[in-house]
Amino acid sequence: DKQKHKRESWLVIGGCGFLGKAIVDQLLQNGDVDVCIFDLRQSFKDDRISFFTGDLTRRSDVDAAVRGRDVVVHTASPPHGLKAQVYVDVNVGGTRNVIDSCVANGIKRLVYTSSAGVVFNGQSLVNADESLPYCTKHMDTYNETKAEGEKLVLAANGRDGLLTVAIRPTGIIGPRDMQGISTMLKAAKEGKTGVKIGVNDSLMDYTYVDNAAYAHILAGQRLHASSGIGGEAFFITNDSPIFS
Ligand code: NAD
């Protein structure tokens with residue numbers, strides 16, 4: 001007798017956002033798991049998805065979405081330009097709620113979207129790898145709280161059977177980006193093109209959104225005790241694009 005294969009249930013926290021939606025789209029395209037979204041707002045309709053609207057800072061909201069999942073992918077974070085306390089509340093307090101909820105509900109796999117900003121404060125980084133220490137002084141509260149959230153997530157690896165991993169994208173670009181290219185275009189349209197930082201040989205690493213999304217899916221699929229990725233953080237780059 002063939003044993004009936006139970007479909008996995010994946011929750012994408014922040015699944016209505018730029019990166020989160022790209023992860024959701026790939027999961028749906030693969031078609032082999034059930035997909036749920038937790039977000040502040042529901043920005044689109046899709047009958048294949050179970051939507052949970054709520055705020056990460058409210059534990060009961062988080063519990064309602066996390067309960068019963070096989071994999072939780074936590075991509076949510078406030079946009080740039082808000083007051084410092086919002087980043088502390090959501091990136092630290094909200095992430096703590098996600099971890100505690102995963103442990104309380106017996107979830108085994110948690111993938112956290114971190115940021116390369118956790119190790120970067122303006123210094124030159126060439127061929128940097130994950131052995132770099134966290135910044136002692138961060139660029140701003142956003143980056144500081146992303147690091148704080150990452151530390152909490154990685155420290156939770158092994159708690160009651162929960163395995164955790166952090167993905168650290170650099171700048172993410174691609175369709176539906178609301179902050180990167182659109183900000184550059186706006187500056188260009190306003191004629192703000194005369195600003196040069198340094199000697200004009202600065203490079204910045206950008207990653208295509210579908211590659212960043214794919215990294216999260218691979219991490220969720222491989223998050224087993226034997227893979228050795230539990231408790232680790234990984235930078236994401238475009239070196240070997242999977243999608244063109
Ligand atoms: P985004 O703003 O497009 O999406 C974030 C989503 O999270 C939104 O849908 C928002 O409604 C939701 N959210 C925010 N606060 C919430 C809360 N309190 N409760 C529930 N949902 C909440 O952002 P993005 O660009 O897709 O970024 C996704 C992740 O990637 C973030 O963790 C960010 O720190 C990280 N990241 C982004 C970049 C980049 O260039 N965009 C670079 C490095 C890391």
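The values are calculated or read from the model by the stated rules, or taken from the named source; none is laboratory data. It should be emphasised that the depicted structure is a prediction, and the values quoted were computed from it without experimental measurement. For neighbour counting, all protein chains shown are included, and Cβ atoms are generated from backbone atoms with ideal geometry for every residue, glycine included. The area values use the complete protein model at the heavy-atom level, side chains included, leaving out ligands, DNA and RNA. Shrake-Rupley method; radii C 1.70, N 1.55, O 1.52, S 1.80 Å.
Relative to the longest principal axis of the Cα atoms of the chain, the long axis of helix 209-222 makes an angle of roughly 40 degrees.
Of SER60, SER101, SER131, the residue with the greatest mean-square motion in the GNM of the chain, using alpha carbon springs below 10 Å, is SER131. What is the sum of charges, Lys and Arg at +1 and Asp and Glu at -1, for the other residues whose Cβ falls under 14 Å from the Cβ of ARG59? Here the count lands on -2. Comparing segment 8-236 with the 2.2 N^0.38 Å rule of thumb, its C-alpha radius of gyration ratio is 1.01 (two decimals). GNM, the chain, Cα, under 10 Å: largest mean-square fluctuation among GLU150, GLU130, GLU232? In this elastic network of the chain, the residue with the biggest mean-square fluctuation among GLU150, GLU130, GLU232 is GLU130.
Residues in the chain average 55 Å² of solvent-accessible surface per residue, probe 1.4 Å, ligands and nucleic acids excluded. Most tightly packed first, judged by the mean number of other beta-carbon atoms within 10 Å of their residues, the peptides 79-87, 29-37, 151-159 read 151-159, 29-37, 79-87.
Using C-alpha pairs under 8 Å with a sequence gap of at least 6, the mean separation divided by the residue count of the chain gives a relative contact order of 19 percent. Among the chymotrypsin sites (Phe, Trp or Tyr not before Pro) within segment 23-63, those in coil by DSSP and having at most 13 neighbouring Cβ atoms inside 10 Å are PHE44.
Highest GNM mean-square fluctuation among TYR142, TYR112, TYR214, for the chain modelled with Cα contacts below 10 Å: TYR214. Other residues with beta-carbon under 15 Å from the beta-carbon of ARG48 carry, at +1 per Lys or Arg and -1 per Asp or Glu, a net charge of -3. Here the accessible area of segment 8-236 is 52 percent carbon and sulfur, with a 1.4 angstrom probe and all protein chains present.
Charge tally for GLY93 (other residues, Cβ to Cβ under 12 Å; Lys, Arg +1; Asp, Glu -1): -1.
If you sort LYS21, LYS108 by accessible surface, 1.4 Å probe, largest first, the order is LYS108, LYS21. What the phi angles of segment 93-103 give under the Karplus curve with 6.51, -1.76 and 1.60, with θ = phi - 60°, is a coupling list of x, x, 5, 4, 4, 4, 4, 4, 5, 4, 5 Hz, glycine and proline written as x. Taken along the Cα-to-beta-carbon direction at a fixed 7 Å, the label points for SER9 and SER131 span 4.3 nm. Ellipsoid fit via the Cα gyration tensor, segment 125-244: semi-axes of 31, 18, 14 Å, each the root of five times an eigenvalue, largest first.
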